[in-house]
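K.L.:
Could you have a look at this structure, given as structure tokens, before my questions?
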Amino acid sequence: MYSRKARGLSSTHPLDPHKWVARYADYLHNFALKRIKNQDLARDLVQETLLAALERMDKFEARCSEITWLTAILKHKISDIHRKKLSARLEMLDISELNPFFNEHDGHWIVKHRPVEFEIVTDEAEDATELMEILQKCMKKLPNLWFSVFTMKHMDEKPTVTICDELSITPANFWVIIHRAKLNLRACLQKNLN
């Protein structure tokens, strides 16, 4: 085992990889599962994250906690998965199919494709819980790319530019995907709430 000085670790923020699984595996698994709708893949990503962290312990600068550092590694792994899936999909997809939703001159929505306001108002906590359960079921039905974009935008609250960079998509493609995901979710919610 290396000494802390040899690994460049601060004595105030030491890494303790022997406890990572017990302390953080469940959190990391749940984090991955919310972004990748596949139990086995989520488990694999957590294992890859822990292995990558072990390999990069010398790069840990103790500016954040262990869990923040591990989560950042996991986010990069999830982004890599999304990028690979997107690349494979884009090879089979004619991008021009996505662009009829926007005016090619200014990038704004074509009026007939513009998103419409959608809102459900409820006063009851029980209704809100039921709505969240239905929303989660509807989200699981989204195609993986749509799920990823929607989750990154509305759960992780990442800026559009970041999402486009991480998934290697154009802003126009991003807005088409968000639009289609919202339309799909609205239809699913309306069907399940009636």
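K.L.:
What does the charge count near LEU74 come to, summing +1 for each Lys or Arg and -1 for each Asp or Glu among other residues with Cβ under 10 Å from its Cβ?
P.N.:
Values: positive: ARG35, LYS75, LYS77; negative: GLU48.
Its environment carries a net charge of +2.
K.L.:
FRET efficiency for LYS19 and LEU41, Cβ-Cβ distance as r, R0 = 25 Å, nearest 0.05?
P.N.:
For R0 = 25 Å, the calculated efficiency reads 0.50.
K.L.:
In this model, which of LYS34/LYS85; LYS19/LYS75; LYS158/LYS182; LYS59/LYS158; LYS85/LYS137; LYS37/LYS59 are farther than 19 Å apart at the alpha-carbon?
P.N.:
Numbers: LYS34/LYS85 17 Å; LYS19/LYS75 21 Å; LYS158/LYS182 17 Å; LYS59/LYS158 25 Å; LYS85/LYS137 22 Å; LYS37/LYS59 30 Å.
From the list (LYS34/LYS85; LYS19/LYS75; LYS158/LYS182; LYS59/LYS158; LYS85/LYS137; LYS37/LYS59), the Cα-Cα distance tops 19 Å for LYS19/LYS75; LYS59/LYS158; LYS85/LYS137; LYS37/LYS59.
K.L.:
I need HIS76, HIS18 ordered by Cβ neighbour count within 10 Å, fewest first.
P.N.:
HIS18, HIS76
K.L.:
What net charge do the residues around ALA25 carry, taking every other residue with its C-beta under 12 Å from that of ALA25, with Lys and Arg at +1 and Asp and Glu at -1?
P.N.:
+2
K.L.:
Something else: Expressed in nm to one decimal, what extension gain is obtained for the pair LYS59 and ARG186 from 0.36 nm per residue of sequence separation less their Cα-Cα distance?
P.N.:
In short, 41.3 nm is gained.
K.L.:
Fewest first, what order do THR68, THR160, THR151 take by the number of other Cβ atoms within 10 Å?
P.N.:
Result, fewest neighbours first: THR68, THR160, THR151.
K.L.:
Then there's this: If you rank VAL111, VAL176, VAL149 by fewest surrounding Cβ atoms within 10 Å, what's the result?
P.N.:
If I rank by nearby Cβ atoms, fewest first, I get VAL111, VAL176, VAL149.
Bear in mind these aren't lab numbers, they're just calculated from the coordinates by the rules spelled out. Keep in mind that this is a model prediction, so the values were computed, not measured. A quick note on method: Cβ atoms are made from the backbone with ideal geometry, for glycine too, and the neighbour counts reach across all protein chains shown.
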